[in-house]
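Contents: one structure, followed by commentary.
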Amino acid sequence: MKKQYLIGFLAAFIVSGSVFAQNKFEEGGVFTLKECIDLGLKHNTEIKKAQLDEEAADFQRKEITGSGLPQIDAYGQYNNFLDVYPQAIPGGVLNPESDPNGVDVISFGVPQSMKAGFKLNQLVFSQSYLVGLKAAKTSEEFYRLLTRMTEEDIIYDISLNYYNVIATQLQMDNLQANHDKLKKLEEIIKAQYENDLARKVDYNRVKVNLTTLETQMDNLEIVTEQRTNYLKLMMGMPVDLPLELAPYNFTDKDLPLQALQSDSDLSERYDLQVLDKQLELHSLNIKNIKSGYYPTLAAFADVNYNAFSKEFDFISDSHVWYRGALIGLQLNVPIFDGFQKKNRIAQAKVESEKVKYDQFMAEQSAEAEYLNAIKKLGNSIKSLKAQESNLELSETVFDETAQLYREGLSPLTDLLDAETSLREARSTYYQQIISVKTAEADLYKSKGQIEKIIK
């Protein structure tokens, strides 16, 4: 039931999308994570290719089904014997004067003939056909799972790239906040310096820190642009359209504690389901080869009209056409093929065993991925709480140092050191927020529940 729900959820995602997000896709604008994912599921080229593979599998199933339906062909044939084929008969049969011990050569038939008709063939029994129908349906399900797996990967990739862009924006906000503080401090020290109340070295030190911050902000703008353009590619969005992400809401940063309490059921992972389907397809392939030992039975019918003439006058109304018709059955019974099918079955079993090893390794890898994701998320949440306390402490130290500096009780170096510590603490705090969201995405993906990232 969970698998069906998840498949239905993602399928609805593709078909419907978000009308609001689609309008913004055409015009650009501010996007939330959900809107980015909606557009990615609708426009990403990898998903479109996977859907085409799924569509091709549907046509293949219909093709195989059609091979068991009546096959009707029309045909026509015109013969012009420049020399009518000679036939040899015993002497004296038609000509009493010929040597009875000899051979008479005569020509039977007329130089020109024409034939037209319809043929009908109907498969009555074929074990290979029955197995092929099952394999075609399973193959269709296999490609459907591949599409769902591609969608899952796109949701995950868009989420991580979205968080990367948000991370650079948070870092830019951090640098901008410190830049504003230093700018105000520069104005104060400049006024003090002009009135001989501050040293020139202190004024220059603040200017150096400002220049360093401005350089970091310029570099961060380039990184933001690069990450934003890559996110556009993942969304299938033209890179020349503007893309602005909704700012992170610090008042609503609920920690994903419920994700840590989830069970370890990994049955919803599409990669494991794909391997199950691969194993099923190999099993059907073995059955298909074995079906070669079964007899096949087909019915056929043929209705035709024939005309004969010494000259080409078949279009004449007076020309006589002779009707012919037949029906029949054709039975093919395999007896001995030089052990070809036996060895093909052995090869197919080897391939099936290889998939079983792949399946075992995938299950072990999925289990390890889940355990690592649980551990990573737990540690990230713990570190975020510690960094939040550290940030509050750094803000307090900066405010107190600034007050002492204004009162002349603390040197400028202490204030600049406090500013650097605050900037680093805020930067680390922002990075840890993104680490928590990334760890949350990793955990959901490890369980095959990545769609929960937007709930």
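The values are calculated or read from the model by the stated rules, or taken from the named source; none is laboratory data. If you're wondering where the values come from, they're calculated on a predicted model, not measured in any experiment. With ideal geometry, Cβ positions are generated from the backbone for all residues, glycine too; neighbour counts draw on all protein chains shown. Accessible surface areas use protein heavy atoms only, side chains included; no ligands, DNA or RNA. Shrake-Rupley method; radii C 1.70, N 1.55, O 1.52, S 1.80 Å.
Picking from residues in region 230-244 that are modelled with pLDDT under 90 and aliphatic (A, V, I, L, M), the one that is nearest to Asp173 (Cα to Cα) is Leu243. Among the residues of region 205-248, those identified as under 20 Å from Leu182 (Cα atoms) and in contact with an Asp or Glu (Cβ under 7 Å, 6 or more places away or on another chain) are Val206, Lys207, Leu210. In the set (1) open to solvent by 30 Å² or more (accessible area, probe 1.4 Å); (2) in a helix (DSSP H, G or I); (3) hydrophobic (A, V, I, L, M, F, W, C), Leu241 fails one condition alone, (2). Among all positions in region 28-39, there is at least one residue which is assigned to a loop (DSSP other than H, G, I, E, B), touching a residue at least 40 places away in the same chain (Cβ under 8 Å) and surrounded by 11 or more Cβ atoms within 10 Å (Cβ to Cβ). Scanning region 383-420 for residues that are among the β-branched types (Val, Ile, Thr) and touching a Ser or Thr at 6+ places or on another chain (Cβ under 6 Å) returns a single hit, Thr401. Of all residues in region 123-134, those that are in contact (Cβ under 8 Å) with a residue 12 or more places away in the chain have Cβ atoms under 6 Å from Cβ atoms of residues that are of a type in the set (Phe, Trp, Tyr), 6 or more apart or on another chain, in Gln127/Tyr294.
Within region 319-353, the set of residues being open to solvent by 50 Å² or more (accessible area, probe 1.4 Å) and basic (Lys, Arg) comprises Arg323, Lys342, Arg344, Lys349.
Hey, could you check region 169-195 for residues that are of a type in the set (D, E, K, R) and open to solvent by 50 Å² or more (accessible area, probe 1.4 Å) and say which is farthest from the chain's Cα centre (by Cα)? So that I can check it myself, show each step before the final result.
Taking region 169-195 as the starting set, the residues that turn out to be of a type in the set (D, E, K, R) are 173, 180-181, 183-184, 186-187, 190, 194.
Filter once more, keeping what is open to solvent by 50 Å² or more (accessible area, probe 1.4 Å): 173, 180-181, 183-184, 187, 190, 194.
Numbers: Asp173: 36, Asp180: 46, Lys181: 48, Lys183: 50, Lys184: 52, Glu187: 56, Lys190: 60, Glu194: 66 Å.
So the residue we want is Glu194.
Against the numbered list (1) open to solvent by 60 Å² or more (accessible area, probe 1.4 Å); (2) of a type in the set (A, V, I, L, M, F, W, C); (3) at pLDDT 90 or above, Leu284 comes up short only at (1). Picking from residues in region 131-168 that are over 27 Å from Ala246 (Cβ atoms) and among the aromatic types (Phe, Trp, Tyr), the one that is most open to solvent (accessible area, probe 1.4 Å) is Tyr143. Per this entry, Ser316 is not counted among residues that are of a type in the set (Gly, Ala, Ser), surrounded by 10 or more Cβ atoms within 10 Å (Cβ to Cβ), touching a residue at least 60 places away in the same chain (Cβ under 8 Å) and more than 30 Å from Leu281 (Cβ to Cβ).
Name the residues in region 196-219 that are open to solvent by 30 Å² or more (accessible area, probe 1.4 Å) and of a type in the set (A, V, I, L, M), would you? Across region 196-219, the qualifying residues are Leu197, Val201, Val208. Applying the criterion of being of a type in the set (Lys, Arg) and closer than 30 Å to Pro111 by Cα to the residues of region 305-356, the residue that is modelled with the lowest pLDDT is Lys310.
Of all the residues in region 361-372, those that are hydrophobic (A, V, I, L, M, F, W, C) and more than 23 Å from the chain's Cα centre (by Cα) number 2. A single entry from Ser16, Ser98 fulfils the requirement of being surrounded by 13 or more Cβ atoms within 10 Å (Cβ to Cβ) and modelled with pLDDT under 95: Ser98. Within the bounds of region 152-168, is there any residue that is among the aromatic types (Phe, Trp, Tyr), part of a helix (DSSP H, G or I) and touching a Leu at 6+ places or on another chain (Cβ under 6 Å)? So far as region 152-168 goes, yes, one or more of its residues are among the aromatic types (Phe, Trp, Tyr), part of a helix (DSSP H, G or I) and touching a Leu at 6+ places or on another chain (Cβ under 6 Å). I need the full set of residues from region 61-90 which are within 37 Å of the chain's Cα centre (by Cα) and of a type in the set (Gly, Ala, Ser), in order please. Those that are within 37 Å of the chain's Cα centre (by Cα) and of a type in the set (Gly, Ala, Ser): Gly66, Ser67, Gly68. Does region 422-442 contain any residue that is open to solvent by 30 Å² or more (accessible area, probe 1.4 Å), more than 30 Å from Ile155 (Cα to Cα), outside any loop (DSSP other than H, G, I, E, B) and not acidic (Asp, Glu)? Checked against the condition, which is being open to solvent by 30 Å² or more (accessible area, probe 1.4 Å), more than 30 Å from Ile155 (Cα to Cα), outside any loop (DSSP other than H, G, I, E, B) and not acidic (Asp, Glu), region 422-442 yields at least one hit. Taking the criterion of being under 20 Å from Tyr444 (Cβ atoms) and open to solvent by less than 30 Å² (accessible area, probe 1.4 Å), the residues of region 375-409 that qualify are Leu377, Gly378, Ser380, Ile381, Leu384. Residue by residue through region 354-370, note down the ones that are open to solvent by 50 Å² or more (accessible area, probe 1.4 Å) and in contact (Cβ under 8 Å) with a residue 12 or more places away in the chain. If the condition is that a residue be open to solvent by 50 Å² or more (accessible area, probe 1.4 Å) and in contact (Cβ under 8 Å) with a residue 12 or more places away in the chain, then Lys356, Asp358, Glu363, Glu367, Glu369 are the ones that fit.
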